[in-house]
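Q: Could you have a look at this structure, given as structure tokens, before my questions?
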Amino acid sequence: MTTTLKELGLTDYKFGFVTDIAADSAPPGLSEDIIRFISAKKHEPEWLTLWRLKSYRHWLTMEEPRWAHVRYNPIDYQQIIYYSAPSQRPGPKSLADVDPELLKTYDRLGVPLHERALLAGVAVDAVFDSVSVATTFKEKLAELGIIFCSFSEAVQTHPALVQKYLGSVVPQGDNFFAALNSAVFTDGSFCYVPKGVRCPMELSTYFRINAAKTGQFERTLLIADDGAAVSYLEGCTAPMRDENQLHAAVVELVALGDAHIKYSTVQNWYPGDKNGKGGIYNFVTKRGACRGARSKISWTQVETGSAITWKYPSVILQGDASVGEFYSVAVTANHQQADTGTKMIHIGKNTASTIISKGIAAGFGQNAYRGLVKIQPGADGARNYSQCDSLLFGDKSGAHTFPYIEVKNHTAQVEHEATTSKVSDDQLFYLRQRGLSEEDAVTMIVSGFCKQVFRNLPMEFAVEAQKLLSMSLEGAVG
Amino acid sequence: MLRIEGLHASVAASEVLRGVDLEVKAGEVHAIMGPNGSGKSTLAHVLAGRGGYDVTAGSVRYLDHDLLALAPEIRAREGVFLAFQYPVEIPGVNNAYLLKAALNAVRRHRGEEELDAVDFLASVKEKLRHLEIDPRFLERAVNEGFSGGEKKRNEILQMAILEPKLAILDETDSGLDIDALKVVAKGVNAIRDPSRAILLVTHYQRLLDYIVPDFVHVLAHGRVVRSGGKELALELEKTGYGWVGAAPPPEALV
């Protein structure tokens with residue numbers, strides 16, 4: 001087995017083990033029955049079942065979009081398993097109730113579930129395939145009135161909040177994959193930070209796709225009420241599989257007056273092997289709404305994994321003087337493809353947005369930045385600054401930039417800068433002449449290139465991101 | 001310390017070095033002079049291990065090593081330093097970070113303990129003072145937006161911190177005004193001691209007013225055609241390089 005993996009070039013992916021747990025799965029395929037099955041499994045209220053069905057019916061009328069600068073074989077939606085839960089007693093009350101196999105999996109991933117979580121100051125809501133396994137720190141957060149739990153739990157315990165905000169930022173029919181997610185989403189994270197409360201710790205969700213042929217459709221909803229502040233980190237890994245797996249998540253953020261939300265993602269889903277076989281299709285819709293005045297939403301993403309990444313974490317700047325930020329590093333090595341960027345929709349007066357995008361392509365990797373800056377007629381004094389830089393390794397990788405700018409207000413200021421550069425032999429030699437190994441030289445050049453993004457990540461995750469980056473680019477030179 | 005024998009090297013199938021012989025002992029300063037295209041910079045690059053050159057014959061002994069068999073970073077860690085003629089920009093990486101990484105790579109190689117940020121800064125600040133370099137240099141990205149003179153000073157700062165055994169300066173004086181030239185000279189003279197050797201590659205005699213060499217060699221058409229004491233440089237200043245003979249055949253013009 002080891003030899004075969006090595007031969008296939010699969011051993012490079014450090015997190016590619018499979019956890020052996022009997023799963024409680026739905027048969028493959030999608031129909032109204034499957035959706036009712038999922039909804040029933042989760043004991044959902046009728047409004048949610050109907051919401052799902054409405055999404056599904058809408059999805060049936062839609063066509064899979066083809067405009068992205070990515071290529072992949074058609075997805076057979078009838079082959080996907082839409083529900084897979086580890087069979088165990090429902091609702092573990094504490095870590096002791098959790099299947100030890102699951103905990104071991106998280107151990108190997110380095111997710112701090114136990115006391116380590118306390119030391120790391122991280123509250124983790126771990127999503128294992130479709131069901132949330134354990135939520136730490138819930139009680140401590142509850143003292144402050146912060147609700148942080150799995151999405152399914154929130155449906156049971158805070159149905160009014162869920163009903164009020166679900167689909168309010170990403171409507172059911174928003175796009176093909178968002179509609180699919182709205183129909184079949186299984187779990188995810190829910191967070192509500194009440195008025196005036198600043199969440200005292202980083203909140204974190206670790207997603208993991210385990211069961212074979214399972215699509216993961218998680219749904220995240222995060223609400224910061226007036227004057228609240230929260231920083232949230234999402235990290236993702238998946239085991240190695242020869243077949244492609246679809247990951248179509250939806251993340252919705254709502255920031256009310258003076259609220260701040262910082263959402264950071266470190267994504268290293270399995271990227272496929274050296275020849276481009278297998279790997280995750282990461283087709284995700286992420287959007288935040290700055291509803292209140294002076295609110296702020298900041299997206300930071302480090303995308304090193306997935307065979308294909310296709311996503312545009314966006315901000316709707318509705319409140320006056322609200323602020324949207326997007327900091328992104330996307331790496332495509334071997335045969336990985338990425339079409340990623342952001343949308344900044346300026347509606348309120350004196351709204352400001354910043355876009356810093358760093359694309360790195362090595363091997364046969366294709367990396368596209370696609371962004372939209374839209375200034376609506378009422379957005380007096382809106383400002384945007386965009387910077388899109390690409391760094392190329394070798395001569396078979398590609399970088400593409402598709403910036404769209406629509407300005408309907410003459411007081412707006414929009415700036416866009418873009419550069420493309422290659423890692424030069426001169427740079428590598430210079431650093432090696434100073435005593436650095438070739439690998440360290442590459443890491444140094446890449447971290448310098450990504451500096452503006454990394455400094456926006458929480459400290460411990462910046463370190464992790466840097467490591468992932470070096471891992472993905474191993475052997476990119478020479 | 002360094003013994004070069006019959007060194008031949010080509011770039012893109014055109015021979016640039018055609019049998020260089022040179023011996024450098026610890027404590028000595030050698031100046032390599034010569035007209036454009038004589039192979040001076042190629043020699044510096046081959047010694048440091050830059051890619052793109054084919055060594056077709058000859059050998060280079062450095063201390064106990066076959067220098068040409070070592071990877072560039074190992075040469076650097078063994079004490080070979082090249083001050084670049086055209087220092088390279090590394091955007092986003094600050095100078096202090098590179099210097100610390102470089103110094104610790106050398107220290108690890110020698111089996112010494114790595115310096116932490118505090119000790120590192122203390123030692124660097126002293127060197128900055130001595131070389132009259134603005135401490136803000138450390139916070140700037142490596143050579144990014146530096147003037148020509150600043151880039152050369154930065155090379156000298158790196159050299160002062162890494163304390164090499166063999167320092168090769170590749171036309172570090174070119175394009176410098178007199179103040180910058182003095183800084184370069186000060187940096188070189190500061191590391192001059194009986195355990196180190198210095199190889200100055202230069203086109204002009206001017207630098208040698210400030211760094212007095214023990215030996216001067218004239219390189220022409222890929223060979224050392226004359227060697228002498230410091231007075232040879234003065235002679236060259238008067239006579240120029242016309243006497244070295246006809247222009248080399250076109251394939252050697254690199």
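Q: Out of B:Ile168, B:Ile161, B:Ile156, report the one residue that is within 21 Å of the chain's Cα centre (by Cα) and more than 12 Å from chain A (Cβ to nearest Cβ).
A: B:Ile156
Q: Now a separate question. All but one of (1) open to solvent by less than 60 Å² (accessible area, probe 1.4 Å); (2) at pLDDT below 60; (3) not in a helix (DSSP H, G or I) hold for A:Tyr77; which doesn't?
A: Just one mismatch for A:Tyr77, condition (2).
Q: Now, a different point. Looking at region A:206-222 only, could you name the residues that are at pLDDT 70 or above and out of contact with any Cys (no Cβ under 7 Å at 6 or more places or on another chain)?
A: A:Gln216, A:Phe217, A:Glu218, A:Arg219, A:Thr220, A:Leu221
Q: Could we say that B:Glu144 is assigned to a helix (DSSP H, G or I) and either modelled with pLDDT of 90 or more or surrounded by 14 or more Cβ atoms within 10 Å (Cβ to Cβ) (or both) here?
A: Taking the combined requirement at face value, the residue does not satisfy it.
Q: Quick check on region A:460-468. Is at least one of its residues under 30 Å from B:Ala167 (Cβ atoms), free of Cβ contacts under 8 Å to residues at least 24 places away in the same chain, within 14 Å of chain B (Cβ to nearest Cβ) and assigned to a helix (DSSP H, G or I)?
A: no
Q: Only one residue in B:Pro213, B:Pro194, B:Pro164 is in contact (Cβ under 8 Å) with a residue 40 or more places away in the chain, within 21 Å of B:Leu2 (Cβ to Cβ), buried (at least 17 other Cβ atoms within 10 Å of the Cβ) and in contact with a Gly (Cβ under 6 Å, 6 or more places away or on another chain). Which one?
A: Exactly one residue qualifies, and that residue is B:Pro164.
Q: Assess whether B:Ala44 counts as being assigned to a helix (DSSP H, G or I) and within 11 Å of chain A (Cβ to nearest Cβ).
A: Yes.
Q: Taking the criterion of being away from chain B (no Cβ under 14 Å) and farther than 21 Å from A:Ile355 by Cβ, would at least one residue in region A:444-456 satisfy it?
A: No.
Q: Among the residues of region B:88-97, how many are more than 7 Å from chain A (Cβ to nearest Cβ) and touching a residue at least 24 places away in the same chain (Cβ under 8 Å)?
A: Of the residues in that region, 4 qualify.
Q: Please work out which residue is farthest from the other protein chains (Cβ to nearest Cβ), limiting yourself to region B:61-85 and to residues that are without any contact (Cβ under 8 Å) to a residue 24 or more places away in the chain and assigned to a loop (DSSP other than H, G, I, E, B).
A: B:Asp64
Q: Looking at region B:72-98, which of its residues are farther than 19 Å from A:Cys450 by Cα, aliphatic (A, V, I, L, M) and surrounded by 23 or more Cβ atoms within 10 Å (Cβ to Cβ)?
A: The answer is B:Ala76, B:Val80, B:Leu82, B:Ala83.
Q: Among the listed residues B:Gly51, B:Gly34, B:Gly19, which satisfies the condition of being touching a Phe, Trp or Tyr at 6+ places or on another chain (Cβ under 9 Å), of a type outside the set (Val, Ile, Thr) and either open to solvent by 10 Å² or more (accessible area, probe 1.4 Å) or within 29 Å of A:Ile445 (Cα to Cα) (or both)? Write out each step before concluding.
A: Details: B:Gly34 fails: either open to solvent by 10 Å² or more (accessible area, probe 1.4 Å) or within 29 Å of A:Ile445 (Cα to Cα) (or both); B:Gly19 fails: touching a Phe, Trp or Tyr at 6+ places or on another chain (Cβ under 9 Å).
Criteria check complete, one pass: B:Gly51.
Q: So A:Leu428 passes all but one of these: (1) touching a residue at least 12 places away in the same chain (Cβ under 8 Å); (2) within 14 Å of chain B (Cβ to nearest Cβ); (3) in contact with a strand residue (DSSP E or B) (Cβ under 6 Å, 6 or more places away or on another chain); (4) buried (at least 16 other Cβ atoms within 10 Å of the Cβ). Which condition number does it fail?
A: (3)
Q: State whether one or more residues within region A:278-295 are among the hydrophobic types (A, V, I, L, M, F, W, C), in a strand (DSSP E or B) and open to solvent by 10 Å² or more (accessible area, probe 1.4 Å).
A: Step one: filter region A:278-295 for residues among the hydrophobic types (A, V, I, L, M, F, W, C), giving A:280, A:283-284, A:289-290, A:293.
Then keep just the ones that are in a strand (DSSP E or B); that gives A:280, A:283-284, A:289-290.
Then drop every residue that is not open to solvent by 10 Å² or more (accessible area, probe 1.4 Å), which leaves A:284.
Checking region A:278-295: at least one residue is among the hydrophobic types (A, V, I, L, M, F, W, C), in a strand (DSSP E or B) and open to solvent by 10 Å² or more (accessible area, probe 1.4 Å).
Q: Can we say B:Leu115 is more than 21 Å from the chain's Cα centre (by Cα), open to solvent by less than 40 Å² (accessible area, probe 1.4 Å) and touching a residue at least 24 places away in the same chain (Cβ under 8 Å)?
A: Numbers: more than 21 Å from the chain's Cα centre (by Cα): yes; open to solvent by less than 40 Å² (accessible area, probe 1.4 Å): yes; touching a residue at least 24 places away in the same chain (Cβ under 8 Å): no.
No.
Q: Across region A:36-60, what is the total count of residues that are at pLDDT 90 or above and part of a helix (DSSP H, G or I)?
A: The total comes to 15.
Q: Output the residues belonging to region B:98-123 that are more than 13 Å from chain A (Cβ to nearest Cβ) and in a helix (DSSP H, G or I).
A: Those that are more than 13 Å from chain A (Cβ to nearest Cβ) and in a helix (DSSP H, G or I): B:Ala117, B:Val118, B:Asp119, B:Phe120, B:Leu121, B:Ala122, B:Ser123.
The values are calculated or read from the model by the stated rules, or taken from the named source; none is laboratory data. Computed from a predicted model, the values in this text were never measured in an experiment. When we count neighbours, we look across all protein chains shown, and the Cβ atoms used for this are built from the backbone with ideal geometry, even at glycine. All accessible areas refer to the heavy atoms of the entire protein, side chains included, with ligands and DNA or RNA removed. Shrake-Rupley method; radii C 1.70, N 1.55, O 1.52, S 1.80 Å.
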